[in-house]
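I have placed the structure first, in the form of structure tokens, so that the comments after it can refer back to it.
The values are calculated or read from the model by the stated rules, or taken from the named source; none is laboratory data. Model, not experiment: these values are computed from the prediction. Positions of Cβ are backbone-derived with ideal geometry, glycine not excepted, and every protein chain shown enters the neighbour counts. What goes into the accessible areas is simple: the full protein's heavy atoms, side chains included, and nothing from ligands, DNA or RNA. Shrake-Rupley method; radii C 1.70, N 1.55, O 1.52, S 1.80 Å.
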Amino acid sequence: MIRTVAETGSTNADLLESLRAGDPIAEGDWLIADRQTAGRGRQGRGWFDGRGNLMGSTIVRPGSGDPPAHTLSLVAGVALCETVRPLCPAERMPVLKWPNDLLVGGTKLSGILLESTGPAVVIGIGVNLKQAPAIADRATIALTAFGPAPDRDIFARDLADNFAEILARWRIYGLEPILRRWSDLATPEGTPLSVHEPGGTRIEGAFAGLAEDGSLLLRLADGTCRAIHAGDVMLA
């Protein structure tokens, strides 16, 4: 079920509040907002609420036999990229950048934010369908760069269907096929990256794929690989 509201602070915050209150929210349910007044992204950044864009959230309740919950960011990334690809010209295919961004030509098209409460994970996704925000430290793009803006509600249904399909694969077959598909859709290995780690350290290297647990492998100048489990990753 996809529920749409005209305005809210944050669809992620709404679902987190509903979960804490014990409201019955089923996997596969989505909350989509026409406008967000307090949308947010990773590292506490604000999220642009341009009308006509997608701003929505869903939940997953990981079970004991599922892969680690943090790898749901990879599930969401694959589902999002698969939804966007048919809307882009062949020469401007979107690519995934670890951990949660979708880029077109090095510019940010969308972002993903995971937040958890108890055993449930809320996954928020924002996509620039119609308008691209002005962000001080990064370039952005909207799908209107390639033609008319996609219908938000049709896009939301396609995304929900793709997410359900990839989530089922994650549960049935485990993480390995998700890692393979994510890597197929990602920035090419060897892409220069700059990583700002949570402690403030900044390191540079080249994208060397994903580790078995879904962490980023960064090849350093001395040829060694370092696993990155958290951080703000930018194209260098």
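Brief remarks follow.
- Index of the failed condition, K130 passing every other in (1) over 11 Å from the mean Cα position of the chain (by Cα); (2) assigned to a strand (DSSP E or B): (2)
- Pairs meeting the criteria (first residue in the stretch 97-109 and of a type in the set (A, V, I, L, M), second residue open to solvent by 30 Å² or more (accessible area, probe 1.4 Å) and assigned to a loop (DSSP other than H, G, I, E, B), beta carbons under 9 Å, at least 6 apart or on different chains) are V104/M93; V104/F146; L109/A132.
- Selection from the stretch 178-227 of residues that are farther than 30 Å from A168 by Cα and assigned to a loop (DSSP other than H, G, I, E, B): G190, T191, E197, P198, G199, G200, T201, L220, A221, D222, G223, T224
- Filter result for A230 (open to solvent by less than 70 Å² (accessible area, probe 1.4 Å) and either outside any loop (DSSP other than H, G, I, E, B) or in contact with a Gly (Cβ under 6 Å, 6 or more places away or on another chain) (or both)): no
- Among the residues making up the stretch 177-195, a single one is in contact with a helix residue (DSSP H, G or I) (Cβ under 9 Å, 6 or more places away or on another chain), surrounded by fewer than 18 Cβ atoms within 10 Å (Cβ to Cβ) and under 20 Å from G205 (Cβ atoms): E189.
- Restricting attention to the stretch 205-227 and to residues that are in contact (Cβ under 8 Å) with a residue 24 or more places away in the chain and over 12 Å from E189 (Cβ atoms), the residue that is least open to solvent (accessible area, probe 1.4 Å) turns out to be G214.
- Residue, farthest from H70 (Cα to Cα), within the stretch 147-176, restricted to residues that are open to solvent by 60 Å² or more (accessible area, probe 1.4 Å) and outside any helix (DSSP H, G or I): P148
- For S116, the criteria (1) open to solvent by 60 Å² or more (accessible area, probe 1.4 Å); (2) assigned to a strand (DSSP E or B); (3) closer than 22 Å to I154 by Cα; (4) not hydrophobic (A, V, I, L, M, F, W, C) hold in every case but one, which is (3).
- Residue match in the stretch 99-110 (condition: in a loop (DSSP other than H, G, I, E, B) and either open to solvent by less than 10 Å² (accessible area, probe 1.4 Å) or over 25 Å from A206 (Cα atoms) (or both)): no
Rundown of residues vs (1) of a type in the set (D, E, K, R); (2) more than 17 Å from the chain's Cα centre (by Cα); (3) at pLDDT below 95, yes/no style:
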site: I166; (1), (2), (3): no, no, no
site: I178; (1), (2), (3): no, no, no
site: W182; (1), (2), (3): no, no, no
site: G190; (1), (2), (3): no, yes, yes
site: G199; (1), (2), (3): no, yes, yes
site: G223; (1), (2), (3): no, yes, yes
site: G231; (1), (2), (3): no, no, yes
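- In the stretch 53-75, the residues that are open to solvent by 20 Å² or more (accessible area, probe 1.4 Å) reach residues that are charged (D, E, K, R) with C-beta atoms within less than 7 angstrom, at least six apart or across chains, in these pairs: R61/E27; D66/R171; P68/D213.
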